[in-house]
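Take a look at the structure below.
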Amino acid sequence: MNFADNRAFAEARDQADTLASFRDQFNFPPQRNGYTPVYLCGNSLGLQPRLAVEYVQDELNNWATYAVDGHFHSERPWLSYHRQASKGFAELTGARPVEVVAMNTLTVNLHLLMASFYRPTAERYKIVVEEKAFPSDRYAAASQLRLAGFDPDTGVVEWPARDDGYLAIDDLRDILADQGDSIALLLLPGVQYYTGQVLDMAAICELGRAAGCAVGLDLAHAVGNVELKLHEWAPDFAAWCTYKYLNAGPGAIAGAFVHDAHFAADNLQQLHGWWGHEENTRFRMLPSFTPAEGAERWQMSNPPILSLAPVLASLQLFQQAGLDNLRAKSRDLTAYLAWLVDTRFGDRIGCLTPAEERGAQLSLVVRDSALSGRALFDALGELNVTGDWREPDVIRVAPAPLYNSYADAFDFAERLGSALQELTP
Ligand SMILES: *Cc1c(COP(=O)(O)O)cnc(C)c1O
């Protein structure tokens, strides 16, 4: 690696970074204990874009000014407001705009899409999740099984992680070879939230298809982080939240994808609401449902504009920066952070995240038995370093290429050194 362990190197890298100016478009938390913030938690809650404040304020103003006419008036009429996210979502996920829609929140979308694509029969009813699945995904899968009259104890099939936490695609292949005939759905993430491993989503989709299973991807930690090609990979559906790498704010409106191969199907099952009705005749208030085109037919309610406004603001920043540029910076910045931690502290701090299969996140673990991971995490917090703690023993740090700098990576290493020294003098 042609990296150097000094601040001048980091600052020179920042000088040369064509994306560096985006940092100024975000609001950072204040100083703490005299330390500037080193915010490495964009995988959990992205920082606030200044533009998001403006967009939300716009809609508060439009509400005050136009009241009900805001559905039709203003720069971004509420009637079609959600559609303004489609182009940005499509670019970030490698989908066609008609295949994506901004609606609801992530777990809700998983359920609505499972209502359509988890169609169990007596013989084929199981759902594959990964062993250490994010709890919400597992609860969602188990409750879908229960709702359909099956026992989750036998119906949820785990793709086990290996001893180092690694999910090997060969193990999934074995599960499908073994019991594929009884599996209805693979519900799997793009990036494993605990280890930060990027899964081979193309292979997952291909294996699922070959075994006759539906495939749904949870892209919570993948969207805005790694390259996605949903249309090409062709999962049946996917869903993602927008408050992690997409910086749209706590509980902001999420995204969903349905592959266009499903749009012409006449046996499609789904839960209907009026916002999924074809737009031109929606307000005729007819008793029968005519679906909107594409993924929009999965909408149920009229969208919460105030929670969607920051999504539009955020997508605008991603479109300006360009995902390819962001990914190129992210690879280098994350490699720099990993290199610093390994070079300085490799004997005491390990990293669970596979170097060849990672996005922006590093999952650090304490390898020194004299040291408590939790105490280290808390000591970092006192030095105004924000990562997050995941039970039982991981400190996750994620330099987000839109607003994190090489100097952040260097300062992290400095403060990690201070925290270690403080705990083990
Ligand atoms: C963040 C995350 C969630 C959160 O779900 P919400 O419905 O947005 O609260 C779910 N699943 C995964 C894999 C996540 O990373």
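The values are calculated or read from the model by the stated rules, or taken from the named source; none is laboratory data. Computed from a predicted structure; not experimentally measured. Glycine gets a Cβ as well: all are built from the backbone with ideal geometry, and neighbour counts include every protein chain shown. Accessible surface is based on the protein model in full, side chains and every heavy atom, while ligands, DNA and RNA are left aside. Shrake-Rupley method; radii C 1.70, N 1.55, O 1.52, S 1.80 Å.
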Next item on the list: Return yes or no: is Pro135 of a type outside the set (Phe, Trp, Tyr), within 13 Å of the ligand (Cβ to nearest atom), open to solvent by 10 Å² or more (accessible area, probe 1.4 Å) and without any contact (Cβ under 8 Å) to a residue 40 or more places away in the chain?
Entry: yes
Notebook entry, point to check: Would you pick out the residues in the stretch 116-132 that are within 16 Å of the ligand (Cβ to nearest atom) and of a type in the set (A, V, I, L, M)?
Noted result: Ile127, Val128, Val129
Next item on the list: Would you please list the contacts, defined by Cβ atoms under 6 Å and residues six or more apart or on different chains, that run from a residue in the stretch 341-360 that is acidic (Asp, Glu) to a residue that is crowded, with 21+ Cβ neighbours inside 10 Å?
Entry: Glu357/Gln197; Glu357/Val198
Notebook entry, point to check: What number of residues within the stretch 160-193 satisfy the criterion of being open to solvent by less than 30 Å² (accessible area, probe 1.4 Å) and closer than 25 Å to Thr334 by Cα?
Noted result: 9
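Table: residues versus (1) touching a strand residue (DSSP E or B) at 6+ places or on another chain (Cβ under 7 Å); (2) open to solvent by 10 Å² or more (accessible area, probe 1.4 Å); (3) within 22 Å of Pro120 (Cα to Cα).
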| position | (1), (2), (3) |
| --- | --- |
| Ala222 | yes, no, no |
| His231 | no, yes, no |
| Ala248 | no, no, no |
| Phe263 | no, yes, yes |
| Leu271 | no, yes, yes |
| Glu279 | no, yes, no |
Item checked: Qualifying helices (runs of 4 or more DSSP H) (wholly inside the stretch 265-348; at least 1 residues being over 29 Å from Leu362 (Cα atoms)) -> 279-282, 305-321
Next item on the list: Answer yes or no as to whether Leu312 is hydrophobic (A, V, I, L, M, F, W, C) and open to solvent by less than 10 Å² (accessible area, probe 1.4 Å).
Entry: no
Notebook entry, point to check: Any idea how many residues of the stretch 281-309 are open to solvent by 40 Å² or more (accessible area, probe 1.4 Å), within 30 Å of Val226 (Cα to Cα) and touching an Asp or Glu at 6+ places or on another chain (Cβ under 9 Å)?
Noted result: 2
Notebook entry, point to check: When you go through (1) of a type in the set (A, V, I, L, M, F, W, C); (2) assigned to a helix (DSSP H, G or I); (3) within 16 Å of the ligand (Cβ to nearest atom) one by one for Ala177, which number turns out not to apply?
Noted result: (3)
Notebook entry, point to check: Does any residue of the stretch 395-407 turn out to be assigned to a helix (DSSP H, G or I) and within 28 Å of Leu317 (Cα to Cα)?
Noted result: yes
Notebook entry, point to check: Conditions: (1) assigned to a helix (DSSP H, G or I); (2) within 13 Å of the ligand (Cβ to nearest atom); (3) of a type in the set (S, T, N, Q). Thr195 meets all but one. Number of the miss?
Noted result: (1)
Next item on the list: Inspect all residues belonging to the stretch 90-110 and state whether any of them is touching a strand residue (DSSP E or B) at 6+ places or on another chain (Cβ under 8 Å), more than 16 Å from the ligand (Cβ to nearest atom), assigned to a helix (DSSP H, G or I) and more than 22 Å from Gln270 (Cα to Cα).
Entry: yes
Margin query: Among the listed residues Pro354, Pro425, identify the single one that is within 26 Å of the chain's Cα centre (by Cα) and open to solvent by 10 Å² or more (accessible area, probe 1.4 Å).
Written below: Pro354
Notebook entry, point to check: Scanning for something among the small types (Gly, Ala, Ser), in contact with a strand residue (DSSP E or B) (Cβ under 7 Å, 6 or more places away or on another chain) and at negative phi, does the stretch 38-51 turn up at least one residue?
Noted result: yes
Notebook entry, point to check: Which ones in the stretch 26-76 are without any contact (Cβ under 8 Å) to a residue 60 or more places away in the chain, farther than 21 Å from Tyr243 by Cβ and surrounded by fewer than 12 Cβ atoms within 10 Å (Cβ to Cβ)?
Noted result: Gly34, Ala64, Thr65, Ala67, Val68, Phe72, Glu75
Item checked: Given (1) touching a Ser or Thr at 6+ places or on another chain (Cβ under 9 Å); (2) free of Cβ contacts under 8 Å to residues at least 60 places away in the same chain; (3) within 16 Å of the ligand (Cβ to nearest atom), number of the condition Val157 does not satisfy -> (3)
Checklist line | Which numbered condition Ile204 fails, given (1) surrounded by fewer than 18 Cβ atoms within 10 Å (Cβ to Cβ); (2) within 15 Å of the ligand (Cβ to nearest atom); (3) part of a helix (DSSP H, G or I) | finding: (1)
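Of the residues Tyr139, Tyr125, only one is touching a strand residue (DSSP E or B) at 6+ places or on another chain (Cβ under 8 Å) and of a type outside the set (Lys, Arg); which?
Every option except Tyr125 fails the conditions.
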Notebook entry, point to check: Going through the stretch 83-99 one residue at a time, which ones are within 12 Å of Val311 (Cβ to Cβ) and buried (at least 22 other Cβ atoms within 10 Å of the Cβ)?
Noted result: Ala85, Ser86, Gly88, Phe89, Leu92
Next item on the list: Being farther than 21 Å from Ala161 by Cα and among the charged types (D, E, K, R) is the filter here, so list the residues in the stretch 339-362 that pass it.
Entry: Asp342, Arg344, Asp347, Arg348
Note to self: For the stretch 227-256, give me each residue that is within 16 Å of the ligand (Cβ to nearest atom) and either farther than 27 Å from Val53 by Cα or without any contact (Cβ under 8 Å) to a residue 12 or more places away in the chain (or both).
What the structure shows: Leu228, Pro235, Phe237, Ala238
